[in-house]
Amino acid sequence: MRRRWLLVGGLATVAVLFLAVFPARTYLDQRHQRNEVVAQLKTTDAKNKALEQRIRTLNTDAEVERLAREQYNLVRPGEEAYAILPTRQAPPALQPAAKATSKPGSSWFGRTWKSITSIF
């Protein structure tokens, strides 16, 4: 008789596990996944709102003109465009001359001929 009650108790315990614990774990996992998806949805909505604002801004004449001037260097008719060039850099300091050795091809003609033939 005692074995029978142990068997019934064991089966009841297994039934409780299948009916309560395992579905609860699945429920908790699904809730966690839902929270992640909600966070991702909020991020995507924020990006969409920022992009919609950018679209509204780009549809204005002032923004189109600003981009045309900034990125494409365009001017209105009658205006003159000026480009400001960077300042010249000072020439590099001359290095002390190396020992004069009589190498073949060290003359002006030899150096020129060597640079021309190195291209081909």
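The values are calculated or read from the model by the stated rules, or taken from the named source; none is laboratory data. Remember, it's a predicted structure, so these values are computed and weren't measured experimentally. Reconstructed Cβ throughout: ideal geometry from the backbone, glycine too, with neighbour counts over all protein chains shown. Protein only, heavy atoms only, side chains kept; ligands, DNA and RNA dropped before computing areas. Shrake-Rupley method; radii C 1.70, N 1.55, O 1.52, S 1.80 Å.
Below are the figures for this structure:
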read-out: Structure-based [θ]222 nm, the chain - -39500 (n - 2.57) summed over DSSP H runs of at least 4, per residue, nearest 500; value: -21500 deg cm²/dmol
read-out: Rounded percent of accessible protein surface that carbon and sulfur make up, region 40-81, 1.4 Å probe; value: 54 percent
read-out: Charge dipole magnitude, Cβ of K and R +1, D and E -1 - the chain, Cα centre, debye nearest 20; value: 1020 debye
read-out: ³J(HN,Hα), Karplus 6.51/-1.76/1.60, whole Hz, each residue of region 32-45, x for Gly, Pro; value: 5, 4, 4, 4, 5, 5, 5, 5, 5, 5, 5, 4, 5, 4
read-out: Residue-normalised accessible area of the chain, expressed per residue, 1.4 Å probe, Å²; value: 103 Å²
read-out: Gaussian network model of the chain, springs between alpha carbon atoms under 10 Å - residue of Val37, Val21, Val75 with greatest fluctuation; value: Val21
read-out: Theoretical gain in end-to-end length, Gln40 to Glu70 [0.36 nm per residue, Cα-Cα removed]; value: 7.3 nm
read-out: Cross-link partners of Lys42 among aspartates and glutamates (Cα-Cα below 17 Å; sequence separation of 8 or more within a chain); value: Glu52
read-out: Point-to-point label distance, Val16-Ala90, nm (Cα→Cβ direction, 7 Å offset); value: 8.9 nm
read-out: Anisotropy class of the chain from Cα gyration tensor, a/c 1.5 cut; value: oblate
